[in-house]
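Participant: First the structure, which I've put down as structure tokens, then a few questions once you've had a look.
The values are calculated or read from the model by the stated rules, or taken from the named source; none is laboratory data. Since we're looking at a predicted model, the values are computed, not measured. Positions of Cβ are generated from backbone atoms using ideal geometry, with glycine treated the same way; all protein chains shown enter the neighbour counts. For accessibility, only protein heavy atoms count, side chains too; no ligands or nucleic acids. Shrake-Rupley method; radii C 1.70, N 1.55, O 1.52, S 1.80 Å.
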Amino acid sequence: MTVKDLSDKLNLTFLCNEDKATDRNIDGCYCGDLLSWVMSRAEADNVWLTVMGNVNSIGVAVLADVACIILTENAPLDDNAKQKADENGVIILTTDKNSYWVASEFSKLQ
């Protein structure tokens, strides 16, 4: 499944890099907000569910090579983070749902 497929199925909204979503495949999901924890445990091609929409999250996403970040509960993406995400090709989506709901629905699609 691609990030675009997931977006369509869960009605997610793109915040940046939607053009890359059809090329990026997903393999698994990781939920977490403690950046050092995510950096050492999220796997490449995971969907990362978080409320952390800051520039440090973009660095973690790049290091972990996650497929995308989904900001849950309408968590904001700050301007610096959006700029860094665009520069690094990090796909970011948003939803008003919480991480549990997104992870649960994602698991049904696997």
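Participant: Restricting the search to region 20-40, which residues are aromatic (F, W, Y) and open to solvent by less than 50 Å² (accessible area, probe 1.4 Å)?
Facilitator: Matches in region 20-40: Y30 only.
Participant: Assess whether E87 counts as being in contact with a helix residue (DSSP H, G or I) (Cβ under 9 Å, 6 or more places away or on another chain) and open to solvent by 50 Å² or more (accessible area, probe 1.4 Å).
Facilitator: Spelling it out, E87 is indeed in contact with a helix residue (DSSP H, G or I) (Cβ under 9 Å, 6 or more places away or on another chain) and open to solvent by 50 Å² or more (accessible area, probe 1.4 Å).
Participant: Then there's this: Taking only pairs six or more apart or across chains, which ones have beta-carbon atoms under 6 Å, a first residue in region 93-110 that is under 10 Å from E73 (Cα atoms), and a second residue that is open to solvent by 30 Å² or more (accessible area, probe 1.4 Å) and of a type in the set (D, E, K, R)?
Facilitator: The qualifying pairs are N98/E73.
Participant: Another question, then. Tell me which residues, restricted to region 56-80, are of a type outside the set (S, T, N, Q) and more than 20 Å from A44 (Cα to Cα).
Facilitator: Result: E73, A75, P76, L77, D78, D79.
Participant: Could I ask something else about it? Anything in region 80-110 that is assigned to a helix (DSSP H, G or I) and of a type in the set (S, T, N, Q)? List them, or say none.
Facilitator: N80, Q83, N88, S99, S104, S107
Participant: Give the residues of region 8-22 that are free of Cβ contacts under 8 Å to residues at least 24 places away in the same chain and not in a helix (DSSP H, G or I), sorted by residue number.
Facilitator: T22, the sole residue that qualifies.
Participant: A follow-up question, please. Can you tell me which residues in region 54-79 are surrounded by fewer than 24 Cβ atoms within 10 Å (Cβ to Cβ), of a type outside the set (A, V, I, L, M) and outside any helix (DSSP H, G or I)?
Facilitator: Hits for region 54-79 are N54, D65, T72, E73, N74, P76, D78.
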